[in-house]
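Input: a single structure, listed below in C-alpha cells.
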There are 2 protein chains.
Amino acid sequence: MNILVTNDDGINAIGIRKLANELKRIGSVTVIAPDRERSATGHAITMHHPLRINKVDNYANGIEAWNINGTPSDCVKIGIESLMKAKPDLVVSGINNGPNLGTDVIYSGTVSAAIEGGIHNIPSIAISVAGKKGELNYESATYYSCKIVNLITKYNNEQNKVFNVNFPSISPDNIKGIRVTELGIRRYSNQYEERKDPMGKSYYWLSGKLLEIQNKNESDVTAIENNYISITPLHFDLTNYQFIKKMQNWELDI
Amino acid sequence: MNILVTNDDGINAIGIRKLANELKRIGSVTVIAPDRERSATGHAITMHHPLRINKVDNYANGIEAWNINGTPSDCVKIGIESLMKAKPDLVVSGINNGPNLGTDVIYSGTVSAAIEGGIHNIPSIAISVAGKKGELNYESATYYSCKIVNLITKYNNEQNKVFNVNFPSISPDNIKGIRVTELGIRRYSNQYEERKDPMGKSYYWLSGKLLEIQNKNESDVTAIENNYISITPLHFDLTNYQFIKKMQNWELDI
C-alpha cells in the first residue's frame, strides 16, 4: 500500500513524524508536507505565487519526503499529480496537534488535505489529537493509527472517501473504544481581541473561548469527552439536495 | 434589510462595487472586504498574524466600507462579530470575476465567505460571473442581483442558509431564465507547470486546462452553458450520514 502522509502543522512537527514512522509497518510511506505551520488554511490552494518543492534528505529511514511552500491541499494535489511515481492508495493527514471536531473541521487544513485526497478519488483519513496544545499526548493516536487505517481499509471498500478521526489525548490503556460519530457543534465567544500597537493603532487577534455546549451522544465532541476514538465519515458535496426539492415551488420567471 | 457585502477579489475589484451599489436599492449596505485579491483561499481564516482593519472613506455614496488584511471568511467573521452595529440580515459575496461552479466551489473564497455567513446563521448568497477573466460581462449579474436576493428572501424563510449563484457572462436580454441546480463536476488536466528560475531551480505554477465533461442537465455547469442563471442551495455539514448507517456493521473492538 502506497501511503501519502501530510499535515498542516508543517513537516517538522512531531505528529507527522510519529505518524509516518508508524505507518511504515503497513505500507510504503511518502511524506509531502508544508514547510511551515499552515493550520486554519481551510481548503486554500496556491494560485498567485509559484510553489517551491524541496526534497528532504534523511527525513527518516525508508521514507521519501518533500516540503512545499504551500498549503496542505497544495501538498496533496501536487504530490498526487507530479511528485509520486504511483498514485497513492491512501492519503493520511496528521497527526494534528489539537482537535478537529464538529463545525471547526471546515477551517481545518488537516481535514482539507484529506478532502483533497477524496477529490482525487483516493480514500483519505485525517487524524488529530483532541487535547490542549503544549500538553498533548500522542500515544494513542500513534499506537492505534495502523489499526484505524486497517479497519477503514478493510470495511470501506472505497465507498466513502474521507474519514475524520480524533483521538483523546490520553494513553492507550485509558481509551474506552471506537465510536462512529457525526460532526458536533463547537461555538466560541468573544472571538476577536483588540490590541493597540506602539503607534496607538488597533490590531485584532482571533482568539475566542470555546463555549460549553450540550452535544448529541452521537457527536464526535461527546465521543472525545468520554475517552473514545471518534471516526466521522465525511463527504464534500456541498449541494443541499433536500432543499432543491423545496425550491420546486419557487416562481423563477425573469 | 442590513446587507454585509464582501468578496475574494479585494475591495477594489469592479464586481463588489457594482454589487454594493445595486443592493443599495433594497437595503442598507456595508462593505467589508479583503484589501487585496484573496481568491482560492477556501475557508482559510487568519490565526497566526493579527488583522488590520481600515475604514475606507468615500467608498461610495451611503455605503460604509472597511478593508482587512485577511481572507473573505475573516471579513465576514469580524464584520458580524465586531464591526457592524447590528447583525446583518443577509451576507452577499461577489460579484466574483469568474465562475464558481461544481467541484471548484470547495476552493472558492467567494463561496466560503457565504458559508461563514451561514455558520453565523445568516442567509448568505455567493454571486459570480461565469466567464473568462479579462472579458467578463457583469451586466446580468448586476441587473438581476436585487431580483435574485428578493427571490431568495421571499421564498427561503431562512430555511437554507447558503446559496451559490452563477450568472452567464452575457447581457440581460440574452438570459434564458433561472434554474435551480446542483453542483456539477469540473476537472482539469496537467495541473502543474514546471519552470526554471534564473538559477536553474524548478518552481511550479498551478495552471491546468479545464476538461470537457458531460455534466448532468440538473448541474450548474449545464445551466450556465445554456445561458441560464444557476442557483444552487448549499449546506456545510460535511458528515456523510448515509454512510454512518453502513458503518453499523463494522467491528470496532480495540
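The values are calculated or read from the model by the stated rules, or taken from the named source; none is laboratory data. Small disclaimer: the values here were computed from a predicted structure and weren't measured. Positions of Cβ are backbone-derived with ideal geometry, glycine not excepted, and every protein chain shown enters the neighbour counts.
Below, the figures for the structure above:
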| quantity | calculated |
| --- | --- |
| Whichever residue in the range A:223-247 is over 18 Å from the mean Cα position of the chain (by Cα), of a type in the set (S, T, N, Q) and within 11 Å of chain B (Cβ to nearest Cβ) and, among such residues, is farthest from A:H43 (Cα to Cα) | A:Q242 |
| For A:S124: the one exception among (1) away from chain B (no Cβ under 14 Å); (2) within 26 Å of B:A114 (Cβ to Cβ); (3) hydroxyl-bearing (S, T, Y) | (1) |
| B:S145 outside any helix (DSSP H, G or I), at pLDDT 95 or above and small (G, A, S) | no |
| Any hit, the range A:156-163, residues being out of contact with any Pro (no Cβ under 9 Å at 6 or more places or on another chain) and either surrounded by 14 or more Cβ atoms within 10 Å (Cβ to Cβ) or more than 30 Å from A:S140 (Cβ to Cβ) (or both) | no |
| Hits in the range B:237-251 - residues which are of a type outside the set (V, I, T) and either surrounded by 19 or more Cβ atoms within 10 Å (Cβ to Cβ) or assigned to a helix (DSSP H, G or I) (or both) | B:L238, B:N240, B:Y241, B:Q242, B:F243, B:K245, B:K246, B:M247, B:Q248, B:N249 |
| Residue in the range A:166-174 that is within 10 Å of chain B (Cβ to nearest Cβ), under 21 Å from A:V221 (Cα atoms) and of a type outside the set (S, T, N, Q) present | yes |
| Conditions (1) assigned to a helix (DSSP H, G or I); (2) under 23 Å from A:P233 (Cβ atoms); number of the one not met by A:N166 | (1) |
| Complete set of residues in the range A:78-108 that are of a type outside the set (V, I, T) and out of contact with any strand residue (DSSP E or B) (no Cβ under 8 Å at 6 or more places or on another chain) | A:K85, A:D104, A:Y107 |
| Residue match in the range B:198-216 (condition: facing chain A (nearest Cβ under 10 Å) and at pLDDT 95 or above) | no |
| Checklist (1) part of a strand (DSSP E or B); (2) within 27 Å of A:S39 (Cα to Cα) applied to B:V129, failing item | (2) |
| Of all residues in the range B:155-196 being at pLDDT 95 or above and acidic (D, E), the one that is nearest to A:E251 (Cα to Cα) | B:E182 |
| Residue pairs meeting the criteria (Cβ under 8 Å; at least 6 apart or on separate chains; first free of Cβ contacts under 8 Å to residues at least 40 places away in the same chain and more than 9 Å from chain A (Cβ to nearest Cβ), in the range B:29-47; second of a type in the set (F, W, Y) and assigned to a strand (DSSP E or B)) | B:V31/B:W66 |
| The range B:195-206, residues that are surrounded by 12 or more Cβ atoms within 10 Å (Cβ to Cβ) and not hydrophobic (A, V, I, L, M, F, W, C) | B:S202, B:Y203, B:Y204 |
| Selection status of B:G94, surrounded by fewer than 24 Cβ atoms within 10 Å (Cβ to Cβ), among the small types (G, A, S), closer than 23 Å to B:F163 by Cβ and modelled with pLDDT of 95 or more | no |
| Selection within the range A:69-108 - within 14 Å of chain B (Cβ to nearest Cβ), of a type in the set (S, T, Y) and within 27 Å of B:T239 (Cβ to Cβ) | A:T71, A:S73, A:T103, A:Y107, A:S108 |
| Test for B:L252: is it out of contact with any Pro (no Cβ under 9 Å at 6 or more places or on another chain) and in contact (Cβ under 8 Å) with a residue 40 or more places away in the chain | no |
